[in-house]
Protein chains: 4
Amino acid sequence: MIRFDCDYTEGCHPRILEALTRTNAEQHPGYGTDAHCARARALIREACAVSDRDADVHFLVGGTQTNATVIAAVLRPWEGVLSATSGHIAVHETGAIESGGHKVLPLPHTAGKLAAEDVRAAVACLRADPNAEHIVQPGVVYVSQPTEYGTLYTRAELEAISAVCRAAGLPLFLDGARLGYALAAADDLTLPDYARLCDIFYIGGTKLGCLFGEAVVVMNDAVKPGFRNLMKQRGAMLAKGRLLGVQFETMFTDGLYLQCGRNAVAAARRIREALLQAGLPLAFESPTNQLFVTLTRAQSAALERSFALGHWDATGGETDVLRICTSWATTPEQTDALIAAIRAL
Amino acid sequence: MIRFDCDYTEGCHPRILEALTRTNAEQHPGYGTDAHCARARALIREACAVSDRDADVHFLVGGTQTNATVIAAVLRPWEGVLSATSGHIAVHETGAIESGGHKVLPLPHTAGKLAAEDVRAAVACLRADPNAEHIVQPGVVYVSQPTEYGTLYTRAELEAISAVCRAAGLPLFLDGARLGYALAAADDLTLPDYARLCDIFYIGGTKLGCLFGEAVVVMNDAVKPGFRNLMKQRGAMLAKGRLLGVQFETMFTDGLYLQCGRNAVAAARRIREALLQAGLPLAFESPTNQLFVTLTRAQSAALERSFALGHWDATGGETDVLRICTSWATTPEQTDALIAAIRAL
Amino acid sequence: MIRFDCDYTEGCHPRILEALTRTNAEQHPGYGTDAHCARARALIREACAVSDRDADVHFLVGGTQTNATVIAAVLRPWEGVLSATSGHIAVHETGAIESGGHKVLPLPHTAGKLAAEDVRAAVACLRADPNAEHIVQPGVVYVSQPTEYGTLYTRAELEAISAVCRAAGLPLFLDGARLGYALAAADDLTLPDYARLCDIFYIGGTKLGCLFGEAVVVMNDAVKPGFRNLMKQRGAMLAKGRLLGVQFETMFTDGLYLQCGRNAVAAARRIREALLQAGLPLAFESPTNQLFVTLTRAQSAALERSFALGHWDATGGETDVLRICTSWATTPEQTDALIAAIRAL
Amino acid sequence: MIRFDCDYTEGCHPRILEALTRTNAEQHPGYGTDAHCARARALIREACAVSDRDADVHFLVGGTQTNATVIAAVLRPWEGVLSATSGHIAVHETGAIESGGHKVLPLPHTAGKLAAEDVRAAVACLRADPNAEHIVQPGVVYVSQPTEYGTLYTRAELEAISAVCRAAGLPLFLDGARLGYALAAADDLTLPDYARLCDIFYIGGTKLGCLFGEAVVVMNDAVKPGFRNLMKQRGAMLAKGRLLGVQFETMFTDGLYLQCGRNAVAAARRIREALLQAGLPLAFESPTNQLFVTLTRAQSAALERSFALGHWDATGGETDVLRICTSWATTPEQTDALIAAIRAL
């Protein structure tokens, strides 16, 4: 059985394992105050082309934790977060945001993406409502890049959303759990762009070859004070913070982060071509490491004899949408095997 | 200016004012432990045909408070409440439920009403999801009677929802902020029926001639322990609880509660007929004290010169849906005046 | 049985009942947007010698609700509230503050009162701790005036605490659930003083002759935005807000609020004298409407045959501390009866 | 600089690193559903002498997260957790418990330990209070073993607390962040004892040679449902759960967990002897891996030139209490160096 069901089926990139092994016996103070974290922060700021005055960088363990902590840091009690109905925080985090006291305000989406105009209109509508005091008011906008559907905001699209947010006085928070795949797939948006357009965003490690870890970049000064206290309160401050420092230090040395992203995107493109050649319809176009293909029950059963795939939407009919997910760890042999199986359908 | 915009524009029914005046100098212990509360509880149990073993009765001040307290009493942290997207808790309580840590799980509705089959299907879907641990699980079902659109569940409909809930092991919570108008408008559902079909429901006073107050009837034994502690914690335990006792004692003496409901329904029916005769389309049929009529801008401007009306949905076009709300306090003269104005449009 | 166990055993002052009766049939919009609330706000600002630019005034229903709402409005998630261990929020609100996510940081007290130096030292210590990120940081200071022991901060004491708070950048929140008794008992602190020294305080109605109601005065601009949204979210926005407007309008007309306070203080002073003459020791001196007297079991049993008293601290030995509480409603006859019984011990 | 300031200054035990390296390329499903987690659960159940019917075992990342998740799983909204004032949840988790809505109810302690009689008396007092509805009621008892002061409950002491809890119907939750050091230091309490006496406890990995990780053992059936949902909601479900499985699998193979504990305890005993021989007073006796010694400023400055130590309580005078913490990683050479420095004071 070869797993293509998600991008966190292996441990970590060998270079990270080497770095952890090399530094294992070093003694460091806890909670991210060590030299590796300091260097990882510096490397990330450099990659984002920002100074330490511009950006605070924090390392957290996982995505749900990061989303909940960031949103708690940004919002006042009566405010909510605008998100696509498909947003990870809206559907797949067991209500972590609500557990923190905040409503997820749903917005329509196209293949996982918000439209700037929808954001603008929703904010205007919520604020202008004669009963505005009785309605959760928007306090932050959440987008993911790539989205949960593997799709990407273009530079123009993200600039438009950022402009709407700034005009409305709303921080823009970008969930980059898979940001490396976005960086690998698109030429028109770089880390400095994300730093420029977002108030807070994160560079995901868990799904890109780290054992775990998300690097949060906080650009908005209002969100900076108390962030570490909040991390500790929410159980998001790792005792052996050095583990996060070592991992991100490695990721941002010699372009490893981008390299991990590229490996996945290249594999996904090969598989995409095979799907199209086999006449298997994609549920929507996704340029990153996730492919969504519509298969008959017989086809999916055939593939799943040898491959673990993700079950996305059960259409309830004769076909299902399955997710094929490549990763930093996908080998050419694994890709070849899947392509062969696709051709044999 | 005569107000038809909501059903809490006046103080309280004169008999309540008399009772408050008559008992004003009495000395009572606080927090609902007084003799008036005891008698009010007994009268409500009698009206519901239940014993004090069957039902706990609590008096709270307002609807948002009541909804939030009941739902907090029922749910475990990872559970949410199923509600119509039009449910009061979903749209008009500034995220009170989320503030308490719980997601409102949205369901489609028809003129404010859930369908039993939709409830059943949603529960089945949420529970069967392969990612169920990552998805907020349903812990209670919320309905309002009458709904926010003034519509009513029939006995058959409510029995079907109740049966679905029991089969699924989910408590059914009925928001009866306007329950008196439902009792007045429908013959087929009585207080004993609500006690039989619901796990928790409340008998609204604020919108039915009390100064304030909601009487919560808890039938489900699992929800009973700690309820008063929770009331206190949420600021929902009135120091001078006797005020609630006196009001509900009065309401459940000589049929005052029902009488308040009937006054409103009768007035609404006269206005409804006038609207139909004038060729003004109802947005949907509502048999209780709320009418929703589609008016042109000119028509609504004309009416609003002399009458306060509620603005419901701005269609964004040439017409608006306006809410006309009668109440226990609506006088024949006020109704006559509105009907005359409708005819003059 | 005559009740001296608390100051909310009766309904309301007759002038309030008259006002509610007189205005009962008036039609008003809901939620505190009516003309009575507007006038009550103006009267309160006038009494505090502040402009509407200086102070927002909000009307809530009860004390627990008010404390929880104000503290939620002030604090960020990782902050707590400094309070005497005897503070109402620390002991008698079923954890309402914690329920909102915040720790009550305990401070020592003398007969219910904080010392400015203790506040200063605690803040310095919490902030300087090498583990400060792991410790709840102070975000607001809570005092009550009179305290839960009936004692009063002098002007000098409150000025010292206020100065410490301002030097530390911490808002000062004063719980005035019984503020009228403080105003009646002390000459050296007036409403304009409270407005000058506090960031937020409230003028209690429930315990001073209203049916219910607390008037929150917000001086600190940072706490003003969103306060009404938060009220709604926490079920603290009364639908028929006019009831609060009418009550405070009455209280602040012709000096009724102060008159209610004076009645209680005068009665308490007569009882205090009788206790001392009878050789019954006061647990501590309290110049307002609450007296705390140490009685043998036999003495308390004798008194409690005819009078309801409050049981404060059970010493576990042969004596108990009992609370005798007068109020705006205490009549000379009731006071005479209690004094006679004290003399007969 | 050699660090003796805490027990999480290194990475992980070499055997864990080996296991992570060996399994790194394996593909596994996420979230703790993999074969390594299954085997680690089996090994832990075996070590605790319980069946899979008796005990659920969950793997979380860190201690604060674990404490907050367990307590949220146990308590109803109006309940609090009884803890020593020195308990980690009471002082060093930035209010994580309060952030989840629950008060930490403080109990006195002796060198970090609760007395069964104090627990019994506190519960009786809180429940019997005439204002019990206004007071946070106890819902769980929290102890740590070893305590934050390195001290240990004896078998008799823990049995007494367990008996009090069961008599009161309160679950007992034991924080075993350093449980391995307790197991190494005391003969009279074994894992099966903890499983027998506690309702929930955890076996700490972070401070005992894992990179991170805490293994929660849930014995109480009432706490089992929904625990994984709650983990996900609180960001405590690691995506690559296999990392926790592999680590605990290794720890519970060939007695590694106990061996890690013993190394630290042996080193601590040697240091303790050196301190006593040097006439340096211990603030209290602690048989595990933490020593608390009272030093003059000159002495601590001398030691801290070469060793990182923990600053515990600043007495404010001429002396400080410093914490010396050994660990699974402490080498004989490091211990020798410290002892030499102590002798040279």
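The values are calculated or read from the model by the stated rules, or taken from the named source; none is laboratory data. Nothing here was measured: the structure is a model prediction, and the numbers come from that model. Backbone-built Cβ (ideal geometry, glycine too); neighbour counts: all protein chains shown. Accessible surface is based on the protein model in full, side chains and every heavy atom, while ligands, DNA and RNA are left aside. Shrake-Rupley method; radii C 1.70, N 1.55, O 1.52, S 1.80 Å.
Taking the helices alone, chain D has a mean residue ellipticity at 222 nm of -12500 deg cm²/dmol, built from -39,500 (n - 2.57) per DSSP H run of at least 4 residues and averaged over all its residues.
Where both residues lie in the protein assembly as shown, what percent of DSSP beta bridges are antiparallel, nearest 5? Of all bridge pairs located within the protein assembly as shown, approximately 60 percent are antiparallel. Calculate I(q)/I(0) for region A:89-177 by the Debye formula, one identical point scatterer on each C-alpha and no solvent, and give its log10 at q = 0.12, 0.19, 0.22 Å⁻¹ to two decimals. At q = 0.12, 0.19, 0.22 Å⁻¹ the computed log10 ratios are -0.37, -0.94, -1.22. Rounded to 0.05, the FRET efficiency of the D:THR296 and D:THR85 pair, given R0 = 25 Å and the Cβ-Cβ distance, is 0.35.
How much FRET efficiency would the formula 1/(1 + (r/R0)^6) give for B:THR154 and D:THR21, where r is the Cβ-Cβ distance and R0 is 51 Å, rounded to 0.05?
On the way: r = 67 Å, r/R0 = 1.31.
The calculated FRET efficiency here is 0.15.
Per the Debye formula on identical point scatterers at the alpha carbon atoms of region C:190-278, with no solvent, log10 I(q)/I(0) at q = 0.19 Å⁻¹ is -1.01.
Averaged across C:126-134, how many Cβ atoms of other chains sit within 10 Å of each residue's Cβ atom?
Details: counts 0, 0, 1, 4, 3, 7, 3, 14, 14.
Counting Cβ atoms of other protein chains within 10 Å of each residue's Cβ and averaging gives 5.
Axis between C and D by rotation; chain C residue with nearest Cβ and distance in whole Å recorded as C:GLU98, 2.
For the peptides D:156-163, A:323-330, C:319-326, residues were scored by their other Cβ atoms within 10 Å and the scores averaged per peptide; the highest-first order is A:323-330, C:319-326, D:156-163.
Using a ≥ b ≥ c from the Cα gyration tensor of the protein assembly as shown (square roots of the eigenvalues), is it rounded, prolate or oblate, where a/c under 1.5 gives rounded and otherwise the larger of a/b and b/c decides, a/b for prolate? All intermediate terms of the calculation are to be shown ahead of the outcome.
Details: a/c = 1.89, a/b = 1.21, b/c = 1.57.
Oblate is the answer for the protein assembly as shown, as a/c is 1.5 or above yet b/c matches or exceeds a/b.
Residues of region A:20-49 that bury at least 50 Å² of accessible area once all protein chains are present, compared with their chain alone (1.4 Å probe, heavy atoms only, ligands and nucleic acids left out), are A:ASN24, A:GLN27, A:TYR31. The other copies place their A:THR85 label points at 0.5, 5.4, 5.4 nm from this one, listed shortest first, where each point is 7 Å from Cα along Cα→Cβ. Given a 1.4 Å probe and every protein chain left where it sits, what share in percent of the accessible area of region B:1-154 is carbon and sulfur? That fraction is 54 percent. Shielding by partners for peptide C:236-249, expressed as the average number of C-beta atoms from other protein chains within 10 Å of each residue's C-beta, is 4. First measure r as the distance between the Cβ atoms of A:GLN277 and B:LYS224, then evaluate 1/(1 + (r/R0)^6) with R0 = 51 Å and state the FRET efficiency to the nearest 0.05. The value I calculate is 0.20.
Among the listed pairs A:LYS232/C:LYS103; B:LYS103/C:LYS232; A:LYS232/D:LYS103; C:LYS113/D:LYS103; B:LYS232/C:LYS103, which have their C-alpha atoms separated by more than 21 angstrom in this model? Intermediate values should be presented prior to the final figure.
Numbers: A:LYS232/C:LYS103 15 Å; B:LYS103/C:LYS232 18 Å; A:LYS232/D:LYS103 18 Å; C:LYS113/D:LYS103 23 Å; B:LYS232/C:LYS103 18 Å.
Beyond 21 Å: C:LYS113/D:LYS103.
Return the percentage of antiparallel bridges among DSSP beta bridges fully within region C:30-181, rounded to the nearest 5 %. So the antiparallel bridges amount to about 10 percent of the total.
Residues of region D:197-219 falling in the label zone of D:LEU126, defined by backbone nitrogen less than 19 Å from a point 7 Å along Cα to beta-carbon, are D:198-201. Per-atom-type breakdown for region B:192-288 gives carbon and sulfur 52% of the accessible area (1.4 Å probe, protein chains only). In whole percents, the pair-distance distribution calculated for region A:217-345 from its alpha-carbon pairs, binned every 5 Å from zero, is 2, 9, 15, 16, 12, 9, 10, 10, 9, 6, 2, 0. For the listed peptides C:282-289, A:78-85, a ranking on the average number of other beta carbons within 10 Å per residue, highest first, reads A:78-85, C:282-289. Each other copy holds its own label point for C:THR21; taking that point as 7 Å from Cα along Cα to Cβ, the gaps run 0.3, 9.1, 9.1 nm, nearest first.
For region C:22-130, what is the Kirkwood hydrodynamic radius in Å, using each pair of distinct C-alpha atoms? Let's see the in-between values first.
Values: mean 1/r = 0.0593 Å⁻¹.
The answer is 16.9 Å.
Sorted on the mean count of surrounding Cβ atoms within 10 Å across their residues, most packed first, peptides A:30-41, A:332-343 read A:30-41, A:332-343.
Pairing chain B with chain A buries about 1400 Å² of accessible area. This figure sums both sides and uses a 1.4 Å probe.
Return one whole number: the accessible area per residue of region C:86-155 in Å², for a 1.4 Å probe. Don't jump to the answer; show the numbers that get you there.
Working: 2200 Å² over 70 residues.
So region C:86-155 comes to 31 Å² accessible per residue, rounded to a whole number.
In summary, the helical segments of chain C meeting the span-like criteria, namely a full DSSP H run, a Cα extent along the axis of 24 angstrom or more and a mean Kyte-Doolittle hydropathy of at least -0.5, are C:256-277.
Neighbouring Cβ atoms from other chains, within 10 Å of the Cβ of residues in A:56-67, number 3 on average. Using the Karplus relation 6.51 cos²θ - 1.76 cosθ + 1.60 with θ = phi - 60°, the per-residue 3J(HN,Hα) values for region D:282-291 come to 7, 5, 7, 6, 9, x, 9, 9, 10, 10 Hz, with x marking Gly and Pro. Across the identical copies, the 7 Å label point of C:PRO192, projected outward along Cα→Cβ, sits 6.0, 6.7, 7.9 nm from its counterparts, in ascending order.
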